[in-house]
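The next block holds one structure in the form of structure tokens; read it before the comments.
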Amino acid sequence: MAKILINKENLFYNLNIISQKAGSKDKVAVVLKDNAYGHGLVEIAKLSKEFGIKKAVVRDFKDAHKIKDYFNYILVLAEQDFHNYSHTFHIALNSLEQIDKIPSNSNVHIKVDTGMHRNGISIDDLEKAFLGLSQKKINITGVFTHHKGADELSTNFFWQNENFSLVKKSVKDICEKLFLPLPNLHSCNSAALFRKIDFDEDFARVGIATYGYLEDDLPFNFPKLKPVMSLWASKMATRTLKKGQSVGYGGKFTALEDMEVSTYDVGYGDGFLRLNENHCYKTPKGFQVLGRVSMDNLSINSTDKEVCIFDDVRTLAKIHNTITYEITCSLKENIKREII
């Protein structure tokens with residue numbers, strides 16, 4: 001049976017580097033949205049708590065409820081059906097229109113658009129948001145933004161930092177004016193945290209770095225992290241492929257000599273994306289994925305009972321011309337996750 005192994009030692013190694021950069025474990029919010037980037041929501045939540053992380057970020061209330069026993073502070077980024085069953089939940093306000101939908105006494109983080117132009121209110125609407133939330137007796141516990149290019153060599157990172165500095169100043173002025181406590185202020189994702197020379201915000205929302213990946217082909221001096229996930233497949237059948245015979249859909253791999261070939265129980269139906277057969281992909285042990293990946297299996301020049309398909313997705317990301325996030329997030333929840 002196919003399985004995903006979660007390396008606890010590697011996860012703790014990454015979290016230690018992240019915590020040191022942020023200044024403490026209390027200044028780290030581990031991002032667990034989309035099944036913890038494919039790694040397993042509950043599995044990563046348990047391990048993060050064991051390490052000492054107290055804050056988490058999820059997509060919706062459904063995920064927040066699954067991990068509410070592991071964290072005392074959970075930021076919910078993209079809920080549309082507003083309700084709040086726990087004082088530990090903090091709802092992201094992505095537009096002024098959402099104010100009327102949020103129940104009184106909820107905890108809210110106001111998202112501000114500093115240049116990504118996706119979700120969030122404008123800087124000019126900050127006071128309007130504070131007033132609207134306060135009138136409904138909603139607790140404003142945070143103000144934040146999101147970087148659109150912290151992992152790219154451009155001026156966007158500096159421009160958005162400057163915009164968020166204006167946001168911070170405006171928030172302080174508004175809070176003094178309305179006699180409100182100063183909320184948590186945060187902007188940094190993984191890349192932004194490590195690009196900051198002196199991190200001075202209340203916490204960082206760390207996603208992909210938690211799982212062992214940062215863009216390392218640019219001159220940012222990012223730390224070398226350790227991938228947390230490996231994907232394993234079990235052998236289904238073995239056969240001798242004769243010279244000149246082909247295997248799989250379209251017969252895209254043809255044997256140049258007699259060889260032993262096995263099928264393994266992982267395919268694109270499990271979220272292991274179809275490979276472009278013009279690219280040669282080899283497993284960590286050096287076996288080659290032969291021809292096209294099927295829905296439920298693939299062929300490899302191995303007879304081993306189990307094969308590690310990958311333990312680092314950067315090569316696959318290059319083959320698919322995508323990012324590491326997409327490779328890990330594509331893996332289906334029905335694949336068993338094991339902590340080692």
Has the stretch 279-291 got at least one residue that is closer than 23 Å to ASN7 by Cβ, open to solvent by 80 Å² or more (accessible area, probe 1.4 Å) and under 19 Å from the mean Cα position of the chain (by Cα)? no
Being open to solvent by 50 Å² or more (accessible area, probe 1.4 Å) and farther than 24 Å from VAL28 by Cα is the filter here, so list the residues in the stretch 84-108 that pass it. GLU97, ASP100, LYS101, SER104, ASN105
Every residue from the stretch 133-155 that is outside any loop (DSSP other than H, G, I, E, B) and open to solvent by less than 40 Å² (accessible area, probe 1.4 Å): LEU133, ILE140, THR141, GLY142, VAL143, PHE144
Tell me which helices (runs of 4 or more DSSP H) are completely within the stretch 15-104 and hold 3 or more residues being without any contact (Cβ under 8 Å) to a residue 60 or more places away in the chain and within 22 Å of MET229 (Cα to Cα), or say none if there are none. 41-51
Among ASN278, ASN321, ASN297, which is the only one that is modelled with pLDDT of 95 or more and either out of contact with any Lys or Arg (no Cβ under 9 Å at 6 or more places or on another chain) or not β-branched (Val, Ile, Thr) (or both)? ASN297
Checking the conditions here, which among ASP26, ASP34 is open to solvent by 60 Å² or more (accessible area, probe 1.4 Å), at pLDDT 95 or above and within 23 Å of LEU331 (Cβ to Cβ)? ASP34
I'm trying to understand the selection: among the residues of the stretch 53-62, which are over 18 Å from ASN189 (Cα atoms) and open to solvent by less than 20 Å² (accessible area, probe 1.4 Å)? PHE61
What strands (runs of 3 or more DSSP E) completely inside the stretch 157-263 contain at least 3 residues that are open to solvent by 70 Å² or more (accessible area, probe 1.4 Å) and under 27 Å from SER294 (Cβ atoms)? 229-241
Quick one: what pairs do we get from the stretch 259-278, first residue without any contact (Cβ under 8 Å) to a residue 40 or more places away in the chain, second part of a strand (DSSP E or B) and open to solvent by 30 Å² or more (accessible area, probe 1.4 Å), C-beta under 9 Å, 6+ apart or different chains? THR263/LYS235; THR263/MET236; THR263/ALA237; THR263/THR238; THR263/ARG239; GLU277/PHE253
Which listed residue is under 17 Å from the mean Cα position of the chain (by Cα), at pLDDT 95 or above and open to solvent by 30 Å² or more (accessible area, probe 1.4 Å), from ASN7, ASN72, ASN16: ASN7
Pairs where the first residue, in the stretch 242-253, is within 14 Å of ILE300 (Cβ to Cβ) and the second is among the hydrophobic types (A, V, I, L, M, F, W, C) and not in a strand (DSSP E or B), C-beta under 8 Å, 6+ apart: VAL247/ALA255
Looking only at the stretch 292-307, which residues are exposed (fewer than 14 other Cβ atoms within 10 Å of the Cβ) and either free of Cβ contacts under 8 Å to residues at least 40 places away in the same chain or among the aromatic types (Phe, Trp, Tyr) (or both)? MET295
In the stretch 157-191, anything within 15 Å of LYS111 (Cβ to Cβ) and among the hydrophobic types (A, V, I, L, M, F, W, C) is listed as PHE164, VAL167, VAL171, LEU185, CYS188
Residue in the stretch 309-330 that is open to solvent by 60 Å² or more (accessible area, probe 1.4 Å), touching a strand residue (DSSP E or B) at 6+ places or on another chain (Cβ under 6 Å) and not aliphatic (A, V, I, L, M) present: yes
Qualifying residue in the stretch 107-124 (condition: among the basic types (Lys, Arg), over 22 Å from LEU178 (Cα atoms) and not in a loop (DSSP other than H, G, I, E, B)): no
If we ask which residues in the stretch 44-59 are farther than 12 Å from LYS25 by Cα and either hydroxyl-bearing (Ser, Thr, Tyr) or over 14 Å from the mean Cα position of the chain (by Cα) (or both), their number turns out to be 2
Inter-residue pairs, beta-carbon under 9 Å, first farther than 17 Å from PRO284 by Cα and in the stretch 308-327, second open to solvent by 70 Å² or more (accessible area, probe 1.4 Å) and part of a helix (DSSP H, G or I), 6+ apart: HIS320/GLU326
So if I check each of LYS101, LYS46, LYS27, which one is of a type outside the set (A, V, I, L, M) and either in contact with a helix residue (DSSP H, G or I) (Cβ under 8 Å, 6 or more places away or on another chain) or closer than 17 Å to ALA209 by Cβ (or both)? LYS27
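The values are calculated or read from the model by the stated rules, or taken from the named source; none is laboratory data. It should be emphasised that the depicted structure is a prediction, and the values quoted were computed from it without experimental measurement. Cβ coordinates were reconstructed from backbone atoms using ideal geometry, including for glycine residues, and neighbour counts include every protein chain displayed. Heavy atoms of the whole protein, side chains included, go into the accessibility calculation; ligands, DNA and RNA do not. Shrake-Rupley method; radii C 1.70, N 1.55, O 1.52, S 1.80 Å.
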